[in-house]
Amino acid sequence: MASTYQSRDDILLRLGFVSYKAYLDSDLWRSIRERAFRVHGHACKMCGEPTHILHHKNYEWEVLSGKTVKGLVPLCKSCHYKIEFDIRGHKRSLDKVNNLLSWALGGTTSNKCRNKRKRKKRRR
């Protein structure tokens with residue numbers, strides 16, 4: 001998990017931001033948010049409730065710099081918390097979060113998750 005967030009922080013430094021919080025308070029992020037909500041809508045992709053939160057599926061240069069909004073997903077506060085943290089309140093890795101999000105949206109998941117599902121189906 002640390003390497004993903006370290007990569008994010010390295011990219012943010014190259015973009016001129018000293019922290020993720022500084023990035024989220026910036027005019028750049030405000031413009032990216034506006035564009036992302038125009039593209040994706042203001043409804044949580046998991047439950048349909050109105051939202052003002054965007055989940056980063058990745059922290060690639062193209063997403064953080066605003067070149068694309070494909071890596072951003074609108075989620076309500078409740079759904080965002082459910083995928084970001086486990087039942088003990090520990091933050092999950094970005095890979096785990098994205099697997100949960102993909103599963104919740106009925107999309108594809110990692111091979112590891114798909115293989116678990118296949119094994120369970122075979123046992124039945």
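The values are calculated or read from the model by the stated rules, or taken from the named source; none is laboratory data. All values derive from a computational prediction rather than experimental measurement. Quick reminder, even Gly has a Cβ in these numbers, built from the backbone with ideal geometry, and neighbours come from all protein chains shown.
Just wondering, is there one or more residues in the range 65-72 that are within 11 Å of the chain's Cα centre (by Cα), under 27 Å from Leu13 (Cβ atoms) and surrounded by 16 or more Cβ atoms within 10 Å (Cβ to Cβ)?
So in the range 65-72, the residues within 11 Å of the chain's Cα centre (by Cα) come out as 70-72.
If we keep only those that are under 27 Å from Leu13 (Cβ atoms) too, we end up with 70-72.
Narrowing the set further to residues that are surrounded by 16 or more Cβ atoms within 10 Å (Cβ to Cβ) leaves 71-72.
There is at least one residue in the range 65-72 that is within 11 Å of the chain's Cα centre (by Cα), under 27 Å from Leu13 (Cβ atoms) and surrounded by 16 or more Cβ atoms within 10 Å (Cβ to Cβ).
Would you be able to say whether some residue in the range 68-76 is outside any helix (DSSP H, G or I), at pLDDT 90 or above, among the hydrophobic types (A, V, I, L, M, F, W, C) and under 21 Å from Gln6 (Cβ atoms)? Let's see the steps before the verdict.
Start the filter on the range 68-76 by keeping residues that are outside any helix (DSSP H, G or I), which leaves 68-76.
Subset that is at pLDDT 90 or above: 68-76.
Imposing the further condition that a residue be among the hydrophobic types (A, V, I, L, M, F, W, C) reduces the set to 69, 72-73, 75-76.
In the following step, the residues that additionally are under 21 Å from Gln6 (Cβ atoms) were identified as 72.
Among the residues of the range 68-76, at least one is outside any helix (DSSP H, G or I), at pLDDT 90 or above, among the hydrophobic types (A, V, I, L, M, F, W, C) and under 21 Å from Gln6 (Cβ atoms), which makes the answer yes.
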Restricting attention to the range 49-63, does a residue exist that is within 15 Å of the chain's Cα centre (by Cα), touching a residue at least 40 places away in the same chain (Cβ under 8 Å) and more than 27 Å from Leu15 (Cα to Cα)? no
Residue selected from the range 73-93 under the condition among the charged types (D, E, K, R) and surrounded by 14 or more Cβ atoms within 10 Å (Cβ to Cβ), by the criterion farthest from Glu49 (Cα to Cα): Arg92
Of the criteria (1) modelled with pLDDT of 95 or more; (2) outside any helix (DSSP H, G or I); (3) within 22 Å of Leu101 (Cα to Cα), which one Met46 fails: (1)
Answer residue from the range 1-20, given it is among the small types (Gly, Ala, Ser) and modelled with pLDDT under 95 and is surrounded by the fewest Cβ atoms within 10 Å (Cβ to Cβ) among those: Ala2
Name every residue in the range 7-21 that is among the β-branched types (Val, Ile, Thr) and assigned to a helix (DSSP H, G or I), in order of residue number. Ile11
Any residue at all in the range 21-34 that's of a type in the set (A, V, I, L, M, F, W, C), within 19 Å of Leu75 (Cα to Cα), without any contact (Cβ under 8 Å) to a residue 24 or more places away in the chain and surrounded by 11 or more Cβ atoms within 10 Å (Cβ to Cβ)? yes
